[in-house]
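First comes the structure, then the notes that go with it.
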Amino acid sequence: MDIKHQKKIDKTVTSLRKKDVTGGKVVTESWEPNLEYAWDNGPAISRYLAELKKGKLIGKRCNKCDRVLLPPRMFCEICWRPTDEWVYVEDTGTVNTFCISHVDWKAGRLNIKGGVRPFTPAVIEIDGASKGMGILHMIDKTNPKNIKMGMRVKAVWKPAEKREGSITDIEYFKPIGKKK
Amino acid sequence: MDKKVAIVGIGTTGFRATTPDVSYRELTYEAATKAYLDAGIEPQEVGAFVATSEDFLEGYSISDEYSPDQLGAVLKSIHTVPGDFIQGLGNGVMLIMSGYADIVVVQGMSKASNMVTKGDLLTFAADPFAWRPLQESPHAIAAMEMNRFLYESGNTIEQCAQVVVKNRRNALLNPRAALGAALELEDVLNADPVAEPLCRLDIAQHADGAVVCVLASQEKVGSLKGNPIWVRDVSWATETNALDSRTWGEAVYMQLAAEKAYRMAGIRTPAKEIDFAELNDEYSYKELQHIEALGLCAWGESGKLSEIGWSERTGEFPVNTAGGCLGCGHLFELDGGQKVLDAVLQLRGQAGELQLKTANTAVAAGWRGVPTTTGAVVVLGN
């Protein structure tokens, strides 16, 4: 395409600015959906949440593969059979993986330079559950730079009266000493 | 079809108004366990899985990623079809015909009871410029279709009410149905109007449930136990979604899907070559409209035939033998799953008290509900 022709196009192209939309210069349709759901948790997750309210973590064992599944499940997805007994597990564990997040969960940037602590989400393999079985949670009250793979951590629970049967009944995990 | 595919196993939870005792995972797990037992297979033997779901029905996006565990599909090939169960079944058939897998599992599930704002969910499917600003109910859209269908075909409101009476009575004998009832014609005609001519009892109530189906290639069928039901052909079609210019009287989408399925299955006179139909009756008039679209009687005749008992279980051409949507419940994308389930049980001679004397060839047909114009048809034979 020759330059002359390109310039002609540039002249006719109009870029859209925010005020064109908000000022009603451009006609748009908008809609705010009212979508509400109430999911049945089923026996496994219901018990898990009820135990969290009591300040305990519970899993379920599959007697065939001998794994303790956490969070508990009514069936073993690998062995394809119903799971067996309920098993209480510890509230301590080992960091499987983590990151230092400078954005919140809607991808909004955190004001790190202004003193906001980065989020430090982590997957924690819980003591008493099988290797690789753990919960997604977060680590707090420690310098993000000090978090390491394989670090030992322990749950910090909300006070009993504030717990509501949610994974946020654990406020965060904090570093502890090495496993004995 | 040049390569034969059979349904070798089917399992269901049955259908209930609510299922607070189980999550969607356990709901599908129950149906899958029954289907695999029925087929005599372990999920490890399955080559590929097809789930059917729609994110807004599940309540979270990319919901297809939540489907493997409860099917035994972890670390296996799986994909989701956001459409009716029979469209999922069509995808399963293609996986076998293309040689990708010998055994394929198709899943469908409804947790309608978990959708708190069902009305808003349906209006969210409305076109944002042509329909939403008017805030007209999805039932009103159906009522306009019903009006035009009755006007053009000559069928009547009373004949639609007869469909409700039949299907809810059939459901009384179906242990899997949620909505069996011994209604009289007057009960239906006197029910509260919703969007005239539709009244409350013309509209199927929502229900929860799951259906899982195991498909196998002809080569595999021999080594499996059980009673194969052959998929003679499967097809689906969609008309324009434009409310201002779609066909309001006839279910053209279903007619096109049926014509293609019949052609490929070698069926020339469906009413003679097919013994019974399980088809979408989410609204009473839909049964009549779909009977005519599937070519099971002449245009405008379905109502009169229904009045004389033609579509009863004891009639000449039984339709919705186990209760259909009106008797089992409106199951969203699982609609075709309930239809296929009841067709398979009849063809196997396992329909219990509902069993027909002659059940060798069946047509099952699903519709994706208001405001869609998508129909899916499968012809099955024993």
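Quick note: the coordinates plus some simple rules give every number you see, no bench work behind them. Just so you know, these numbers come straight off a predicted model, no measurement behind them. Cβ: placed from backbone, ideal geometry, glycine included. Neighbour counts: every protein chain shown.
Take each residue of peptide A:26-39, count the partner chain Cβ atoms within 10 Å of its Cβ, and average: the result is 5. When only the Cβ of Lys, Arg, Asp and Glu is charged (+1, +1, -1, -1), the dipole of segment B:105-193 relative to its Cα centre reaches about 480 debye.
Of all aspartates and glutamates in the structure, those lying under 15 Å Cα to Cα from A:LYS54, and not within fewer than 8 positions of it along the same chain, are A:GLU90, A:ASP91, A:GLU161, A:GLU164, A:ASP169, A:GLU171. For segment A:42-175, the dipole from Cβ point charges (+1 on Lys and Arg, -1 on Asp and Glu) about the Cα centre works out to 340 debye, to the nearest 20.
Altogether, the Stokes-Einstein calculation at 4 °C and 1.567 mPa s, with the Kirkwood radius of chain B over Cα pairs as Rh, returns a diffusion coefficient of 64 µm²/s. Amide H contacts of B:LEU279: B:ASN320, B:ALA365, each under 5 Å away and 5 or more positions distant or on a separate chain (H built 1.01 Å from N in the peptide plane; Pro and chain starts excluded). Sequence neighbours fewer than 8 away in the same chain don't count; with that in mind, list the lysines whose C-alpha is under 16 Å from B:LYS225. Leaving aside lysines fewer than 8 places away in the same chain, those within reach of B:LYS225 are B:LYS34.
Within segment A:1-76, the chymotrypsin sites (Phe, Trp or Tyr not before Pro) that combine a DSSP coil assignment with at most 16 other C-beta atoms in a 10 angstrom radius are A:TRP31, A:TRP39.
Ranked by the mean number of other Cβ atoms within 10 Å of their residues, highest first, the peptides B:99-107, A:144-152, A:127-135 come out as B:99-107, A:127-135, A:144-152.
Over the residues of chain B, the helix contribution to mean residue ellipticity at 222 nm works out to -10000 deg cm²/dmol, using -39500 (n - 2.57) for each DSSP H run of at least 4. Our Cα-only numbers for segment B:111-189 put the radius of gyration and Dmax at 16.4, 45 Å.
Near A:ALA50, once Lys and Arg are set to +1 and Asp and Glu to -1 for all other residues with Cβ below 12 Å from its Cβ, the sum equals +2. For segment A:65-108, the set of GluC sites (Glu not before Pro) satisfying both a DSSP loop assignment and a count of at most 12 other C-beta atoms within 10 Å is given as A:GLU85. Enter the mean number of other protein chain beta carbons within 10 Å of the beta carbon of each residue in A:154-166, as an integer. Mean partner-chain Cβ count within 10 Å for A:154-166: 0.
Relative contact order of segment A:1-85: 18 percent, from C-alpha pairs under 8 Å at least 6 residues apart in sequence. For the residue pairs B:LYS3/B:LYS111; A:LYS106/B:LYS111; A:LYS53/A:LYS154; A:LYS53/A:LYS174; A:LYS60/A:LYS148; A:LYS64/B:LYS220, the alpha carbons lie more than 24 Å apart in B:LYS3/B:LYS111; A:LYS106/B:LYS111; A:LYS60/A:LYS148; A:LYS64/B:LYS220. Here the Karplus curve 6.51 cos²θ - 1.76 cosθ + 1.60, taken at θ = phi - 60°, turns the phi angles of segment B:100-114 into couplings of 5, 8, 8, 10, 10, 10, 10, 10, x, 8, 10, 10, 4, 5, 8 Hz, with x standing for Gly and Pro. Calculated [222 nm] ellipticity per residue, helices only, for chain A: -4000 deg cm²/dmol; basis is -39500 (n - 2.57) per DSSP H run with n ≥ 4, divided by all residues, nearest 500.
The dipole here belongs to the protein assembly as shown: it is taken about the Cα centre, uses +1 on the Cβ of Lys and Arg and -1 on the Cβ of Asp and Glu, and is about 3280 debye. Taking amide H as placed 1.01 Å from N in the peptide plane, the amide H of B:ARG232 sits under 5 Å from that of B:VAL379, B:LEU380, B:GLY381, each at least 5 places away or on another chain. Under the criterion of Cα pairs below 8 Å and six or more residues apart, the relative contact order for chain B equals 25 percent. In the neighborhood of B:LEU57, defined by Cβ-to-Cβ distances under 9 Å, what is the net charge if each Lys or Arg adds +1 and each Asp or Glu adds -1? Result for the local shell: -3. For the protein assembly as shown, taking a cut-off of 4.7 Å between Cβ atoms, the unpaired cysteines are A:CYS65, A:CYS99, B:CYS160, B:CYS199, B:CYS213, B:CYS297, B:CYS325, B:CYS328. Shielding of peptide B:68-81 by partners, expressed as the average count of other chain Cβ atoms within 10 Å per residue Cβ, is 2. Whole-Hz Karplus values for segment A:143-154 come out as 4, x, 5, 8, 6, 10, 4, x, 5, 7, 9, 9 Hz, taken residue by residue from phi with 6.51 cos²θ - 1.76 cosθ + 1.60 and θ = phi - 60°; glycine and proline positions read x.
Distance from the Cα centroid of segment B:315-342 to that of segment B:1-75 is 19 Å (rounded to whole angstrom).
For B:ALA51, nonlocal amide neighbours, meaning residues 5 or more places apart or on other chains whose placed amide H falls under 5 Å from its own, are B:HIS79, B:THR80, B:VAL81, B:GLN107. Taking the square roots of five times each eigenvalue of the Cα gyration tensor of the protein assembly as shown, the equivalent ellipsoid has semi-axes of 46, 33, 24 Å, listed largest first. The HN-Hα couplings worked out from phi for segment A:82-87 by the Karplus form 6.51 cos²θ - 1.76 cosθ + 1.60 (θ = phi - 60°) are x, 6, 10, 6, 6, 9 Hz, whole numbers, x standing for Gly and Pro. Between B:THR52, B:ILE41, B:LEU89, the Cα set farthest toward the positive side of the dipole of chain B (charges on each charged residue's Cβ, about the Cα centre) is that of B:ILE41.
Remark: chain A is approximated by an ellipsoid whose semi-axes, taken from the C-alpha gyration tensor as √(5λ), come to 47, 23, 19 Å, largest first.
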